[in-house]
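Okay, here's the structure, questions in a sec.
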């Protein structure tokens, strides 16, 4: 019983240790593990956007998917499932990514930024919670994207197979990919270290069902604080590690790859939290579920990659200088889309 209670804090602490290690070995500051950032860089490496500073096929993403695949196969729990509004999930994934790139990070990086002393991420945390509460409002009133179905096993292997091909290209045929020579995309730990980190996080994420959105959602809906304990452990161990290695900088200014616009830090993560509740999990959770055979989560991941491409091709993504005018317009459009999806699937899409 005691070991079960310690499981989630251990997962959070492990995430912090892996993240700090990756930063010390070359990853961008406060970005040891950020699914949104890594998907954005990967989209750039595939030529889906032209932002030269954020182009690198991140092995961490590949590792998460393959780690979840290996873990689910080893426990004989791999199951090809789908059919629960995949196009809607694609759109929600794109909207979540737009919100993340306005804030400059996914929920995992939000906690890592807090652990590095970045107070802008504390503002983002309040937005993230507000978005989750908005999603809970609709969940309590019957929001659903309907049930999933057993589908062809081949479909469940599509995303893992694509990541295996991407890994092959990265290791043996790197010339066909794009690589940043400066900026966040050029800051990277050694390839096999990052791949190993991804594999570990994918396997651990699968076995623990780790999800930062669920940490807040479950504590409100079910008074279950287990997942929230992972969040707290990640923060505490992250703070200790950053202090030990001289990476802790308390304040709003001069934070790695961050801006100080409080309103848009709040709103960006509010959109992430809202969209993640409607999807049934944060970006990290979507990658893990996609790796273990869920084609609906794969649709959400494709949506996030598409959202990253849109964000950089149309100048929606923020920078250290702040939020762009296009980013504000993009946020409004994405927020309208998320609200419309929530309202329709709560009040107008009842099961017959």
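Coordinate-derived values only; no laboratory data. Quick caveat, the model's predicted, so the values are computed rather than measured. Note that each Cβ is placed from the backbone with ideal geometry, even for glycine, and that neighbours are counted across all protein chains shown.
Each label point is 7 Å from the Cα along the Cα-to-Cβ direction; what then is the distance between the points at residue 236 and residue 153, in nm?
Taking the two extended label points, one gets 4.4 nm.
What FRET efficiency do you get for residue 126 and residue 200 if R0 is 25 Å and r is their Cβ-Cβ distance, rounded to the nearest 0.05?
On the way: r = 31 Å, r/R0 = 1.23.
The calculated FRET efficiency here is 0.20.
If you don't mind, there's one more thing I want to ask. When the chain is fully extended, how far beyond the present Cα-Cα distance does residue 243 get from residue 173, taking 0.36 nm per residue of separation? Please report the intermediate quantities before stating the final value.
On the way: separation 70, 0.36 × 70 = 25.20 nm, distance 3.94 nm.
Extending this stretch completely gives an extra 21.3 nm.
Fewest to most neighbouring Cβ within 10 Å: what's the order for 143, 149?
Exposure proxy ranking, most exposed first: 149, 143.
Over what distance in Å are the Cα centres of the stretch 126-148 and the stretch 155-197 separated?
34
Still on this structure, please answer the following. Would you mind classifying the chain by shape? Square roots of the alpha carbon gyration tensor eigenvalues, ordered a ≥ b ≥ c; an a/c under 1.5 is rounded, otherwise it is prolate if a/b is larger than b/c and oblate if not.
It comes out rounded by the Cα gyration axes.
Going by how many other beta carbons lie within 10 Å of each one, how would you line up 219, 74, fewest first? Before the final figure, lay out each step's value.
Values: 219 17, 74 12.
Result, fewest neighbours first: 74, 219.
How long is the gain from residue 325 to residue 87 if the chain were fully straight, where each residue apart is worth 0.36 nm and the alpha carbon distance is subtracted? Before the final figure, lay out the partial values.
Numbers: separation 238, 0.36 × 238 = 85.68 nm, distance 2.79 nm.
The span from residue 325 to residue 87 would gain 82.9 nm if fully extended.
Give the separation of the Cα centroids, the stretch 70-90 to the stretch 298-352, in Å.
23
Show me the ranking of peptides 230-237, 189-196 by mean Cβ neighbours inside 10 Å, starting with the highest.
Details: 230-237: 21.1, 189-196: 17.5.
Ranking, from highest mean packing down: 230-237, 189-196.
Next question. Given R₀ = 41 Å, what would the calculated FRET efficiency be for residue 263 paired with residue 165, taking r from the Cβ atoms and rounding to 0.05?
Computed FRET efficiency for residue 263 and residue 165 comes out at 0.50.
Using label points projected 7 Å from each Cα along Cα→Cβ, tell me how many nm separate residue 222 and residue 146, to one decimal.
Going from the residue 222 label point to the residue 146 one covers 2.5 nm.
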